[in-house]
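Below are the structure tokens for one structure; questions will follow.
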Amino acid sequence: MAKASVNTVKLTIVTPYKKFFEGDVSSVVINTIDGQMGFMPGHPPLIVALSPGMSHLVQDEQTKYFTISEGYCEVSEDMIKIVCNAAEYPEDLSPRRTCKSYTNAYEELKKAKLIEDRTAREVLVKEHEQAMARARARRHLLELYGSDHQKERIAVLVKEYDWKDPF
């Protein structure tokens, strides 16, 4: 059961490269393939597939914003475990790398749509669409919660890279 006295639940977020977060939280909001979902202590058991997007958690009455990519989330009454390909705080992000990755994925998507082999085309289109979704989530996080410098840089670079696609 959840810790009734402090009303928190143990949250663990892991990627293939590191344990991104581990601690007691009062809530977490994530993007799933079915839309945005929030979880609090005592939530009924559930497993959901993740979609790239901006997420946040509340720990000690402070909200921390971050992005997550593809993966899954397992929820029980006393723990939430998120396993994803990547998770990043705003301070971990580079505005230039964010714009460049979106532009590269967009160009590769255009090429992938021309592939004649239907199965190969579908796989590559999905891969590049997910890369674009990750870049959109990073851009959104930087624009809302990045440092002043990051906000200024992303605004300039979005124009420089001619990124018209909204998140």
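The values are calculated or read from the model by the stated rules, or taken from the named source; none is laboratory data. Predicted model only: the values in this text are computed from it and were never measured. Glycine also receives a Cβ, built like all others from the backbone with ideal geometry; neighbour counts cover every protein chain displayed.
Say we look at segment 60-78 and pick out the residues that are surrounded by 15 or more Cβ atoms within 10 Å (Cβ to Cβ) and not small (Gly, Ala, Ser); which of these is farthest from VAL25 (Cα to Cα)?
Our first condition is that a residue be surrounded by 15 or more Cβ atoms within 10 Å (Cβ to Cβ); within segment 60-78, this holds for 64-71, 73, 75-76.
When the remaining residues are screened for being not small (Gly, Ala, Ser), the result is 64-68, 70, 73, 75.
Values: LYS64: 10, TYR65: 13, PHE66: 15, THR67: 17, ILE68: 17, GLU70: 22, CYS73: 15, VAL75: 13 Å.
The residue in question is GLU70.
Mind listing whichever residues of segment 72-87 are touching a residue at least 40 places away in the same chain (Cβ under 8 Å) and either among the small types (Gly, Ala, Ser) or part of a strand (DSSP E or B) (or both)?
Listed by number, the residues that qualify are CYS73, MET79, ILE80, LYS81, ILE82, VAL83, CYS84, ALA86, ALA87.
Pairs, please: C-beta under 9 Å, at least 6 apart or cross-chain, first residue more than 13 Å from GLY38 (Cβ to Cβ) and in segment 51-71, second acidic (Asp, Glu) and part of a strand (DSSP E or B)?
Sorted first by the residue in segment 51-71, then by its partner, the pairs are GLN59/ASP24; ASP60/ASP24; PHE66/GLU88; THR67/GLU88; ILE68/GLU88; SER69/GLU88.
Determine, yes or no, whether TYR102 is among the aromatic types (Phe, Trp, Tyr) and in a helix (DSSP H, G or I).
yes
Right, another one. Out of segment 141-154, which residues are surrounded by 13 or more Cβ atoms within 10 Å (Cβ to Cβ), of a type outside the set (Asp, Glu) and part of a helix (DSSP H, G or I)?
LEU141, LEU142, TYR145, GLN150, LYS151, ARG153, ILE154 - these are the residues of segment 141-154 that are surrounded by 13 or more Cβ atoms within 10 Å (Cβ to Cβ), of a type outside the set (Asp, Glu) and part of a helix (DSSP H, G or I).
Then there's this: From the set of residues in segment 117-140 that are over 20 Å from the mean Cα position of the chain (by Cα) and among the aliphatic types (A, V, I, L, M), which is surrounded by the fewest Cβ atoms within 10 Å (Cβ to Cβ)?
ALA120
Have a look at GLU152, GLU122 and point out the one that is over 27 Å from THR32 (Cα atoms) and not β-branched (Val, Ile, Thr).
That would be GLU152, the only listed residue that is over 27 Å from THR32 (Cα atoms) and not β-branched (Val, Ile, Thr).
Does at least one position in segment 105-118 carry a residue that is in a helix (DSSP H, G or I), touching a residue at least 24 places away in the same chain (Cβ under 8 Å), under 19 Å from VAL158 (Cβ atoms) and not charged (D, E, K, R)?
The answer is yes, given that some residue of segment 105-118 is in a helix (DSSP H, G or I), touching a residue at least 24 places away in the same chain (Cβ under 8 Å), under 19 Å from VAL158 (Cβ atoms) and not charged (D, E, K, R).
Give the residue that is modelled with the lowest pLDDT, with candidates limited to residues of segment 41-59 that are in a loop (DSSP other than H, G, I, E, B) and surrounded by fewer than 16 Cβ atoms within 10 Å (Cβ to Cβ).
Going through the qualifying residues, I end up with GLY42.
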